[in-house]
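The values are calculated or read from the model by the stated rules, or taken from the named source; none is laboratory data. None of the values given here were measured: they were computed from a predicted structure. Cβ atoms come from the backbone with ideal geometry, glycine included; neighbour counts cover every protein chain shown. Heavy atoms of the whole protein, side chains included, go into the accessibility calculation; ligands, DNA and RNA do not. Shrake-Rupley method; radii C 1.70, N 1.55, O 1.52, S 1.80 Å.
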Amino acid sequence: QVQLVESGGGSVQPGGSLRLSCVVSGSCFSIFYMGWYRQAPGKERESVAFITTGGATTYADSVKGRFTISRDDAKNTVYLQMNSLKPEDTAVYYCLLKCPRENWGQGTQVTVSS
């Protein structure tokens, strides 16, 4: 059984920064990629950033230049560094591990407001 636990969410003013962490326990037969999704109230869940086993990254256009995904294999952790946060970034952020089944964390709330 694979478990993912997100942390690092909170409330921040526009222009501020947060770093989300996702700690993975258990094991995958084969890891395809890890990533982050988010879902704002009344909106569909959307992809934010992904990182492959080889380290290649991809970002949603809305966060390019502001967010950075990374991982620390020794700590079994994937991170999402979020800078220059905007109110539009307010959402619950979920960690995803595809291995090859999709495994999800419980989510962590990010609120960006004045």
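Listed values, structure above:
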item: Index of the failed condition, SER70 passing every other in (1) closer than 21 Å to VAL12 by Cα; (2) modelled with pLDDT of 95 or more; result: (1)
item: Hey, LYS86 basic (Lys, Arg) and surrounded by 12 or more Cβ atoms within 10 Å (Cβ to Cβ) or not; result: yes
item: Number of the condition not met by GLY55 [criteria: (1) at pLDDT below 95; (2) part of a strand (DSSP E or B)]; result: (2)
item: Residue selected from the range 12-24 under the condition of a type in the set (Gly, Ala, Ser) and within 16 Å of the chain's Cα centre (by Cα), by the criterion most open to solvent (accessible area, probe 1.4 Å); result: SER17
item: Subset of the range 34-52 [open to solvent by less than 60 Å² (accessible area, probe 1.4 Å), at pLDDT below 95 and of a type outside the set (A, V, I, L, M)]; result: THR52
item: Residue that is in contact with a strand residue (DSSP E or B) (Cβ under 8 Å, 6 or more places away or on another chain), outside any strand (DSSP E or B) and closer than 19 Å to VAL112 by Cα, where the choices are VAL48, VAL63; result: VAL63
item: Index of the failed condition, LYS75 passing every other in (1) under 14 Å from GLU6 (Cα atoms); (2) in contact with a Leu (Cβ under 7 Å, 6 or more places away or on another chain); (3) open to solvent by 70 Å² or more (accessible area, probe 1.4 Å); result: (2)
item: Some residue of the range 56-63 being among the hydrophobic types (A, V, I, L, M, F, W, C) and free of Cβ contacts under 8 Å to residues at least 12 places away in the same chain; result: yes
